[in-house]
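Scroll down for the structure; my scribbles are underneath it.
No lab work stands behind these numbers, since they all come straight from the coordinates. Remember, predicted model here, so these are calculated numbers, not experimental data. Please note: Cβ atoms are built from the backbone with ideal geometry, for glycine as well, and neighbour counts cover all protein chains shown.
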Amino acid sequence: MTPLAVLAIGGSDSSGGSGLQADVKVFAAMRLYGATVATSVTAQNTRGVQDVFELPGNVVSAQLSAVLEDLPIKAVKVGMLATAEAAAAVTAKARAGVLPNLVVDPVLEAAAGRRRGVVSALERLLPFAAVATPNRDEASALVGWQVSTPADMAGAAAQIASNGPKYVVVTGGDMVAGDEAVDAVWTDAGARFLRYPRVQTRNNRGTGCTFSAAITSRLAQGDDVLEALVAAKEYVTRSLVGARDWDLGNGSGPLNHFDWPTFAAFSA
Ligand SMILES: Nc1ncnc2c1ncn2[C@@H]1O[C@H](COP(=O)(O)OP(=O)(O)O)[C@@H](O)[C@H]1O
Ligand SMILES: Cc1ncc(COP(=O)(O)OP(=O)(O)O)c(N)n1
């Protein structure tokens, strides 16, 4: 049977744990056909990002046109945009109505000096998103104040939603206190929290990419947004459990994207 096709727009991660490489692994694990549009090539490993090589805006536009003119894309995930020009190229396609089920995972890691420009460009893209999934740091940059507690996360999600995306999830993977990994979700019916067991592991590279790519996959498969969020939370948790004993690299190792049906189900 012909698989459903989905698209990831973002940066290449040379170590394969996050970025486009993680996205394509998630799509494959979900039995989807994944296309990619690269905005940048990063030199990174499990210890961190060493360098980012940005692709010019016209190169991003050309890739987008090539994919969208030919493949029947059902859902689109945006990760690292790297430059305002790359963001503008994506926003132009969103405005033209050719990016269905758009999930925006703002990635500001390694944006360094360009952070303000990338944030402004993201603000222009967000109104076209069905779902946005910033972490606490990215949410802080978008709202202009420090997002710390779960209550802050819910408030930030509401503020970001006022700029367009119907659903906003502020993820709290970096909140190490407690036994739970808590995310705040803004829905059209108000705030709610996704609370799942926190997995104790050093192998947590690419959790944000994995979560947002899984949401994208489930939207392509016809889930409504809340169903997709819960399924993605379950998937990222299982992928963390599956890689707990892996020994790849000296830093934060990657997740196990493929053995998730083996690992126990969790309940929200
Ligand atoms: N150690 C962990 N155990 C369970 N869930 C986690 C863990 N780390 C991250 N997550 C979950 O992974 C998803 C991505 O969140 P996060 O790590 O905050 O994103 P990012 O990689 O963008 O910082 C969220 O659902 C978050 O709660
Ligand atoms: C090319 C590229 N894209 C995204 C990231 C960040 O990945 P993310 O999953 O949001 O963050 P971590 O869970 O790895 O902290 C990246 N490093 N490179």
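Per-structure values
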item	result
Selection status of P3, over 18 Å from V107 (Cβ atoms) and without any contact (Cβ under 8 Å) to a residue 60 or more places away in the chain	yes
Every residue from the stretch 1-15 that is buried (at least 19 other Cβ atoms within 10 Å of the Cβ), more than 15 Å from ligand 1 (Cβ to nearest atom) and over 13 Å from V76 (Cα atoms)	S12
Count of residues meeting criterion [away from ligand 1 (no atom under 16 Å from the Cβ), crowded, with 19+ Cβ neighbours inside 10 Å and part of a helix (DSSP H, G or I)] in the stretch 85-125	10
Candidate set from the stretch 159-184 (those that are among the β-branched types (V, I, T) and closer than 19 Å to V143 by Cα); member that is surrounded by the fewest Cβ atoms within 10 Å (Cβ to Cβ)	I160
Selection status of G10, under 20 Å from P106 (Cα atoms), within 11 Å of ligand 2 (Cβ to nearest atom), touching a Leu at 6+ places or on another chain (Cβ under 9 Å) and among the small types (G, A, S)	yes
Subset of the stretch 129-139 (residues that are outside any loop (DSSP other than H, G, I, E, B) and buried (at least 24 other Cβ atoms within 10 Å of the Cβ))	V131, A132, N135, E138, A139
